[in-house]
Amino acid sequence: MAQIKDNTVKVVFISLLLDLLAFTMILPLLPALLDYYKHVENDQGLYFKILHYVQSARKFFDAPEKVSSVLYGGFLGSMYSFLQFLGSPIVGALSDIYGRKPLMLLCLTGIMMSYLLWALSFNFTVFVLARFVGGISKGNISLSMAIISDVTSAKERGKAMALVGIAFSIGFVVGPMIGAFFAWISSNDRDKAWYIVPAVFALFLATSDVCFIACSLKESLPPHHRATTLKSGISGAITYINPIDLFQFNGVSGLNCQDKQNLKTLGIAYFIYLFIYSGLEFTLTFLTHYLFEFTSMQQGWMFLAIGLVMALLQGSWVRTIPPNKTKWTVELGLWLIIPAFVCVGMAESILTLSIGVLLFAISTAMVVTCMMTLVTRIGPENQKGAITGVFRSLGALARACGPVVASSAFWCVGSKVTYLTGAIFLVLPPFILRGVKSL
C-alpha cells in the first residue's frame with residue numbers, strides 16, 4: 001500500500017463527483033419545492049405541522065415573513081446533517097470489518113433510493129422520507145477518505161485528498177447550476193409535478209455511481225488488515241453516536257496514547273471551526289440579500305466564484321503541499337478565516353464583502369482538505385474507516401447545529417455582532433491545533 005498501484009483514487013474522485021452533482025442540484029430547487037408542497041397539501045399534512053413551528057421561531061426572533069422558506073430549508077439541511085452524524089461513524093466502523101466496497105455500495109444504493117423516493121414524492125411526507133434515507137446513507141464521504149488512506153502513502157496522501165476537495169468544489173459549482181437550469185425550464189409549470197424531471201436526473205447520476213463503483217472499485221482493505229470485532233450491544237452502538245464518546249474517539253480501538261490525544265485535539269479544533277464556519281456559510285445569503293440586495297442570480301455568481309477559487313487552489317497549490325507542511329497549512333487557513341469573518345461582518349461596500357468572501361474561499365480550500373490528510377495519518381490500518389467516520393460525524397454535528405445558532409443570533413443581535421463574535425471564537429482552533437504532535 002506504500003504506492004498507488006491502481007486507479008482507485010480516480011475512481012473515488014469520479015464517484016464523489018457524481019454523488020455531489022446530484023446532491024447539490026437540489027439546493028436551488030428547495031424554495032420552489034417547498035412552495036409546491038405548500039400548494040398541494042392545502043393547509044394539511046406534515047408541511048403545515050412543521051411550518052407552524054418555523055413560524056413560531058420566526059416570530060420569536062422577529063425575522064421577516066419572507067425568510068420562512070429559508071428557515072424551513074435550514075431545518076431540512078440540519079436534519080440531513082444530523083442523520084450524517086448518526087450514520088457516518090457506524091458505516092466507517094463496519095467497513096473496517098467487512099471491507100470498504102460492500103459498505104460503499106450499501107451507502108450509494110441508499111442514496112439512489114432517496115432520489116427514487118424524491119421522484120415519487122407526491123406529498124411532503126415522502127419528500128422528508130427521501131431526505132431521511134439520503135442523510136442516513138451519506139457515509140460514502142467518510143468511506144472515500146478511508147479508501148484513499150488505504151491506497152496511498154503518507155507522501156501521496158495530501159495530493160489524493162486534494163482531489164476530494166476538487167470534487168467538492170466542482171460539485172458545489174456545477175450542481176447548483178444544473179438545479180437552476182431545471183428551475184428555469186419548469187418555472188411556468190409549477191402547478192404540476194415539475195420536480196420529477198430533476199429528481200429522475202439525480203436518480204440517473206446516483207444509479208450511474210452505483211454501477212460505476214460496482215464495476216470499477218477494487219477492495220482497498222485486504223482481509224488480513226481488517227478489524228475482527230465491532231462494539232456490540234446497545235452500549236456499543238451508543239459509543240458510535242454519543243457526542244461525548246465521539247469527541248473521545250472511544251469507538252476506535254488499537255490507538256496508543258499519543259494517537260488518541262492527537263485525534264481528540266483535531267476533532268475539537270475541527271468541530272469548533274466547522275460549527276462557526278457553517279453559520280457564516282448559511283447566513284451569508286441572508287446578509288447579501290438584506291444588506292446588499294443581491295438577487296438569487298447574484299448570489300449564484302458569488303458562490304460560483306467561491307467554488308472556482310477553491311478548485312483552482314486545490315488543483316494547483318494544495319495538492320502539492322509536502323507532508324511536513326500540512327499542519328502549518330491548516331493553521332494558516334484557520335487564521336485566514338478570522339479576517340474573513342471580520343470583513344464580511346463589517347462590510348458596508350461590495351469591495352469589503354468581496355475581500356471577506358475571497359479569504360473565506362482561500363481558507364476553506366486549505367483547512368478541510370489538509371485537516372483530513374492529518375487525520376488519515378493517525379491510527380492502525382484496520383481502524384481508518386472508524387476514524388474517518390467519527391471525524392466526518394463530528395463535522396456533520398457541527399453543520400447540524402452551527403446554522404441554527406448563527407441564524408438565531410443573526411436575527412436577534414444583527415449581522416455585525418454575529419460575525420465579529422464568530423471571529424473571536426475562531427481564534428481557538430489554531431491554538432488548539434498546536435497540541436497535535438508528531439504529524
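The values are calculated or read from the model by the stated rules, or taken from the named source; none is laboratory data. All figures in this text were calculated on a predicted structure; none of them were measured in a lab. Note that each Cβ is placed from the backbone with ideal geometry, even for glycine, and that neighbours are counted across all protein chains shown. Each accessible area value is taken on the protein alone, full model and side chains, heavy atoms only, with ligands, DNA and RNA left out. Shrake-Rupley method; radii C 1.70, N 1.55, O 1.52, S 1.80 Å.
Things worth noting here:
- Selection of first residues in region 1-23 that are among the hydroxyl-bearing types (S, T, Y) and modelled with pLDDT of 90 or more and of second residues that are part of a helix (DSSP H, G or I) and surrounded by fewer than 19 Cβ atoms within 10 Å (Cβ to Cβ), restricted to Cβ pairs under 7 Å at least 6 apart or on distinct chains, gives the following pairs, ordered by first then second residue: S15/F212.
- Cβ separations smaller than 7 Å between residues 6+ apart or across chains give the following pairs from region 116-128 residues that are over 12 Å from A199 (Cα atoms) and modelled with pLDDT of 90 or more to residues that are surrounded by 18 or more Cβ atoms within 10 Å (Cβ to Cβ) and among the hydrophobic types (A, V, I, L, M, F, W, C): V126/L117.
- Positions within region 365-383 being touching a Gly at 6+ places or on another chain (Cβ under 8 Å) and of a type outside the set (A, V, I, L, M), in sequence order: T369, C370, T373, G379, P380, N382, Q383
- Search result, residues across region 348-361 that are open to solvent by 40 Å² or more (accessible area, probe 1.4 Å) and out of contact with any helix residue (DSSP H, G or I) (no Cβ under 6 Å at 6 or more places or on another chain): E348, S349, I350, L351, S354, L358
- Condition broken by Q261, with the remaining ones in (1) open to solvent by 50 Å² or more (accessible area, probe 1.4 Å); (2) under 21 Å from the mean Cα position of the chain (by Cα) satisfied: (2)
- The condition (being out of contact with any Gly (no Cβ under 9 Å at 6 or more places or on another chain), open to solvent by 70 Å² or more (accessible area, probe 1.4 Å), of a type in the set (S, T, Y) and within 16 Å of S407 (Cβ to Cβ)) is satisfied by just one residue among Y53, Y72: Y53.
- Highlighted here are the helices (runs of 4 or more DSSP H) found entirely within region 99-179 that include at least 1 residues which are surrounded by 20 or more Cβ atoms within 10 Å (Cβ to Cβ) and among the aromatic types (F, W, Y): 100-119, 124-136.
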